[in-house]
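Before any comments, here is the structure.
Read-outs throughout are calculated quantities, based only on the coordinates presented, and are distinct from any laboratory measurement. Predicted model only: the values in this text are computed from it and were never measured. Here the Cβ positions follow ideal geometry from the backbone for every residue, glycine too, while neighbour counts run over all protein chains shown.
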Amino acid sequence: MTSEYTAGVSELPQERRLVTEIPGPRSRELQQRRVGAVPPGVGSTLPVYVTDAGGGVLVDVDGNSLIDFGSGIAVTNVGNANPRVAGRVREQAGRFTHTCFMVTPYESYVAVCEALNRLTPGDHDKRSILVNSGAEAVENAVKIARYATGRPAVVVFDHGYHGRTLLTMTLTAKNMPYKHRFGPYAPEVYRMPLAYPYRWPTGPDNCGPEAAAQAIDQITKQIGADNVAAVVIEPIAGEGGFIEPAPGFLPALAEFCRANGILLVADEVQTGFARTGDLFACEHEGVVPDLVTTAKGIAGGLPLAAVTGRADIMDKVHPGGLGGTYGGNPLACEAALAVLAEIEEGKLVERARRIGEIMLPRLRDLAARHPQIGDVRGRGAMIAIELVRPGTKDPDPDLTARIVRHCHQSGLLVLTAGTYGNVLRFLPPLVIPEHLLNEGLDILTEALEATTQS
């Protein structure tokens with residue numbers, strides 16, 4: 001990683017420090033308060049209560065300092081307390097916190113949209129709208145696609161995750177915990193096979209072309225291409241297990257969409273803003289979507305999301321048809337402008353690639369020594385390992401849970417993912433120091449060795 005850039009560096013000591021068990025006594029006290037105030041439907045991966053965070057660490061109420069391999073689920077790419085982000089938010093809060101852009105607008109909303117129009121894939125004329133969450137962005141993308149095409153159907157894919165609202169739950173593939181008993185769901189949503197190289201029946205080399213042909217055949221026969229408004233896909237499936245579609249799959253879908261007047265929607269909520277070693281993940285194969293949804297990493301932790309798309313599509317919707325009271329809040333807009341500056345000046349695209357260069361060889365070495373690791377995959381700072389029972393591809397969620405517990409007790413925050421609950425996903429902040437990155441990998445190695453031996 002580059003050493004010259006220091007504007008985004010946290011003032012917190014960048015060290016792992018354990019002074020109590022994890023979680024500690026004060027965190028356990030707060031957890032008891034939480035039980036009486038918050039329903040269990042709102043879960044937490046690791047119930048340590050944070051007082052400070054920045055760089056590559058999280059500091060809890062007991063004084064423990066944990067290494068962060070989660071980034072608030074790919075949100076704090078530029079760090080949890082980035083000085084430029086915090087400074088712009090403070091300054092804006094002193095001027096005004098809200099007017100509602102639909103009532104009396106302000107420049108920062110326009111500036112964020114201009115930046116998104118410039119930075120998202122494709123050199124065509126674009127427009128953007130700002131909303132509050134990734135799910136809201138995906139919902140609006142579907143609204144816009146249906147309006148622009150006059151068609152009802154939406155195509156999504158196995159292992160996809162798109163949100164928790166009624167429509168985005170429908171678009172999401174996994175039942176538990178996202179969909180279970182929350183139905184009935186929205187109509188005119190159709191699910192197709194994803195090019196999942198590790199689990200494709202005829203092997204990874206055939207996966208891309210075969211999966212694309214199968215999806216296109218099913219769309220044509222079961223729905224009719226003329227009835228499809230949009231194909232919505234994550235360029236790398238996030239909650240589904242960091243599944244990187246096999247080469248050729250996304251370009252084939254994009255070509256099919258172009259040939260049939262279907263709008264391709266790239267859900268870049270988790271993959272966007274330098275996370276994968278490109279500014280946006282669909283750039284990896286040169287795919288230019290009609291609409292792009294973004295959120296998470298866009299505003300350094302403040303609620304903000306966007307839909308960016310071709311101007312001829314976005315301009316079709318009648319005045320008042322898009323919007324929301326809090327969409328494009330001025331504090332979040334200032335944070336987003338700071339984040340985009342940090343990505344450019346901090347060379348965070350390159351930093352993400354460097355993180356991948358460090359993590360992937362070490363994880364592949366672990367896989368060579370531990371048959372429980374069935375697959376190592378990902379790009380940039382969006383990396384995962386899939387855990388299976390040795391000699392098979394049978395998912396092993398129990399081993400996954402044991403490794404997670406060991407990591408957490410050792411002061412490393414890691415997250416799980418995957419349709420089968422057997423994937424460890426790694427999303428370190430792009431500003432994490434290399435020594436913490438390597439220390440975290442050391443802890444993961446110890447956890448894997450301890451749990452597999454036992």
Rg over Rh, two decimals, region 1-157 (C-alpha only, Kirkwood Rh)
1.05
Add +1 for every Lys or Arg and -1 for every Asp or Glu among the other residues with Cβ under 14 Å from the Cβ of ALA252, and state the total.
-3
Rounded to the nearest 0.05, what FRET efficiency do ALA368 and VAL110 give with R0 = 51 Å and r taken as the Cβ-Cβ distance? Could you check?
0.50
What ranking do ARG364, ARG84 get, fewest neighbouring Cβ atoms within 10 angstrom at the top?
ARG364, ARG84
Label points 7 Å out from Cα along the Cβ direction at GLU345 and VAL38: separation in nm?
3.4
How far apart, in nm, are the 7 Å Cα→Cβ label points at THR45 and LYS316?
3.8
Of the beta bridges DSSP finds with both residues in region 98-328, what % are antiparallel, to the nearest 5?
45
Out of all DSSP beta bridges in the chain, what portion is antiparallel? Express it as a percent rounded to 5.
65
For LYS179, counting only aspartates and glutamates whose alpha-carbon sits under 15 Å away and dropping same-chain residues fewer than eight positions off, the answer is ASP158, GLU239
FRET efficiency estimate (nearest 0.05) - Cβ-Cβ, ALA401 to ARG26, R0 25 angstrom:
0.50
With a cap of 12 neighbouring Cβ atoms within 10 Å, and only residues DSSP puts in a loop, list the chymotrypsin sites (Phe, Trp or Tyr not before Pro) found in region 1-99.
PHE96
Long-range amide H partners of ILE243, meaning residues 5 or more apart or on another chain whose placed amide H is closer than 5 Å, are ALA237
Taking other Cβ within 10 Å of each residue's Cβ, how do LYS296, LYS126 sort, fewest first?
LYS126, LYS296
Can you tell me the length gained on complete extension of the stretch ASP226 to ASP205, counting 0.36 nm per residue apart and subtracting the Cα distance?
4.4 nm
Per-residue ³J(HN,Hα) for region 210-226, Karplus 6.51 cos²θ - 1.76 cosθ + 1.60, θ = phi - 60°, Hz, x for Gly and Pro
5, 5, 5, 4, 5, 4, 5, 5, 5, 4, 5, 7, 8, 10, x, 4, 5
For the chain, just the Cα set please: Rg and Dmax, both in angstrom.
21.6, 63
Inter-label distance for THR97 and PHE182, nm, one decimal - labels placed 7 Å from Cα along Cα-to-Cβ
2.8
Stokes-Einstein diffusion coefficient of region 98-328, Kirkwood radius over Cα pairs, 37 °C, 0.692 mPa s, in µm²/s:
185
Which aspartates and glutamates have a Cα less than 12 Å from the Cα of LYS393, not counting those fewer than 8 places away in the same chain?
ASP375
Straight distance only, please: which lysines reach the Cα of LYS126 with their own Cα at less than 24 Å, same-chain residues fewer than 8 apart left out?
LYS143, LYS296, LYS316
Restricting things to Cα coordinates, could you compute the convex hull volume per residue of region 300-430 in Å³?
182
Interchain or sequence-distant (5+) residues whose placed amide H lies within less than 5 Å of the amide H of ALA305 are VAL131, ASN132, SER133, GLY328
If you add up the charges near GLY54, with Lys and Arg at +1 and Asp and Glu at -1, over every other residue whose beta carbon is less than 15 angstrom from its beta carbon, what do you get?
-3
What whole number of Å gives the distance from the Cα centroid of region 246-316 to the Cα centroid of region 93-132?
17
Local net charge near VAL228, Cβ-Cβ under 10 Å (Lys/Arg +1, Asp/Glu -1):
-1
Ranked from fewest to most other Cβ atoms within 10 Å of their own Cβ, VAL50, VAL431 fall in the order VAL50, VAL431
